[in-house]
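Below is one structure, written out as structure tokens, with a few remarks after it.
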């Protein structure tokens, strides 16, 4: 019985490692204010993953968000979405091996 429990635990740990996100990244937001209001440039910097990468800016729904901006597939580990208006968005990154990750980014009118 102990062997079965140990085998189940090892299987669970191996599965968790196999399906964990292997893309690591950082997001940086740079605000610009002009006569039309506030916009932001969102720069995504990938620190680990399998090139080539595709970067997406979508509405804030990780599964069914509407794609607002999308990069071409690229080996570059950084990409900037330019001129993003205030709102709540989801940044998604996909790599060549099929891994995906992302997070919600809020662009504030108050530049906070």
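Brief remarks on what is shown
- Gain in span if fully extended, residue 38 to residue 72, counting 0.36 nm per residue against the direct Cα distance: 9.6 nm
- Across region 36-79, Cα pairs under 8 Å and at least six residues apart give a relative contact order of 44 percent.
- Sorted largest first, the principal axis extents computed over the alpha-carbon atoms of region 18-67 equal 49, 25, 17 Å.
- Peptides 65-71, 33-39, 83-89 ordered by packing proxy, namely the average of other Cβ atoms within 10 Å per residue, highest first: 83-89, 65-71, 33-39.
- Region 27-104 - percent relative contact order, Cα under 8 Å, separation 6 or more: 33
- Peptide packing: for 40-53, 93-106, the average count of neighbouring Cβ atoms within 10 Å per residue gives the ranking 40-53, 93-106, highest mean first.
- Histogrammed with a bin width of 10 Å, the alpha carbon distances of region 22-107 distribute as 18, 52, 25, 4, 0 percent, first bin at zero.
Readers should treat all values here as calculations from the given coordinates under stated rules, not as data from a laboratory. Predicted model only: the values in this text are computed from it and were never measured. Positions of Cβ are backbone-derived with ideal geometry, glycine not excepted, and every protein chain shown enters the neighbour counts.
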